[in-house]
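What follows is calculated from the coordinates using simple rules that are stated; it is not laboratory data. Given the structure is predicted, the values throughout are model-derived calculations rather than measurements. A quick note on method: Cβ atoms are made from the backbone with ideal geometry, for glycine too, and the neighbour counts reach across all protein chains shown.
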Amino acid sequence: GSRSKVQGSRSKVQGSRSKVQGSRSASLTTSHQPLATNSNPQSLIPNPLFAIRTPTAVVTDLGTEFGVEVYKSGLTESRVFRGSVKVQVVGDGLPSPSGRGAGGEGSGQVVVLRENESARVEGGDEPRIMMLGASAKTADFTRRIPKVTYKTLDLVDVVAGGDGFSGRRNRGIDPTNGQTAELTPKVWGSEAEARFVGDGKYHRVEAMPLVDGVFIPDGRSGPVRIDSAGHTFARFPNTHNDTWKRIWAVGAILTDVPFAAVLGDIDYASPPHCLLFMHANNGITFDLEAIRRANPDCKPFRFRAVAGSSSEAMYSADGVGVIADLWVLVDGQVRFERREINGYSGYRGAFPVSISIGDDDRFLTLATTDGGDESGYGAWTMFGDPRLDLMQVDANEPKDKQTKGQTNQRTNKPKDKQTKGSKEVKP
């Protein structure tokens, strides 16, 4: 069915039809009857200020804040939160409310509701008004549009030991044991030919509260555990359980190879960009619940990055073309994958990654593998500017009571409810 919302002198409709009539009035049309509003923000506001017509009633604003619910059966309930409204029964064949409001219309049954009072208009052969007494249903209505802002949490900062907003760089994690290290020229140089051999286990990263753990994604022996809750993934190829470098959160690649951090002609190791360097055969899992606890007024709703293999990582030492696979998983389920990527520019070299994050999602896992060629040498896979987008709702708006039907549904309501409106007008 259609759903209509009315907020002040502005109107919005989601449903079958909508139209604007004239310069001084608007009509929001549902599948039943018009919802008439008087005036726009630029016109003179008459008295009464506002009227809503439903199949069974006309509810006229007398300078107030009120809500109206309409069910498919035509039953109408009106609740007053502040001020007063006039509720009038509508009979068959009567015209819709005029620009002057609903005065003089109806079958003679009229009631004026004041603060905290509510009434129900029932249709049928003998339409009538029933007083319901004090209303405790304020939370059912979106009485204000909450202010929503957005924040960006930097996962490179998280891997460097930050909270996602501190701008930390140049730290890394050993995927074979979960130990952290600072990135220095000496450390980077010592790893030029270093081979990290895993033990087939998942390792917690105790030093970083927003990172759940790390692992080497080797599918040779079956499903691989990818988070502390025990989720596993069975599609990783045989990677011989080894990799060539740590997982690095970097602001620069300390190497003699030029443009090593270039993806799609952008150097992600140079400000304002950043880089999560994950040589093939590395895996890292972020704790989304810990991120929510650290940001109680926000909720993650999207992961995004530019990913690929470095433009310098085209050939291995023996001249064989380098390929790699890249995976993004949530709670053990694939949300994104790209197979046989290489260092050439264009579609196969760099690509955007964007996945939605739900309220119940617990772990976000990023993994890279050697493409099934059993050679991880030279596979410089990486995530450029990896981010979690967070939505921050006005702290004064209860998160679980912003919109009817999202998180606060009640089972004792009639199932045929169709239209809801709420409005606030200052006399």
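A few comments on the model shown:
- Virtual spin-label span in nm between E340 and M391, 7 Å along Cα→Cβ: 3.9 nm
- For the stretch 189-246, GluC sites (Glu not before Pro) meeting the loop criterion (DSSP other than H, G, I, E, B) and having at most 11 other Cβ atoms within 10 Å: E193, E206.
- Modelled FRET efficiency - R0 51 Å, D199 with K72, Cβ distances, 0.05 increments: 0.25
- Two-site FRET efficiency, S166 against S228, from Cβ-Cβ distance with R₀ of 22 Å, rounded to 0.05: 0.35
- Among Y150, Y268, a tally of other beta-carbon atoms within 10 Å of each Cβ gives an order, fewest to most, of Y150, Y268.
- Sparsely packed loop sites in the stretch 190-234 (the trypsin sites (Lys or Arg not before Pro) outside DSSP H, G, I, E and B with at most 12 other Cβ atoms within 10 Å) comprise R195.
- Gap separating the Cα centres of the stretch 219-251 and the stretch 352-371, nearest whole Å: 14 Å
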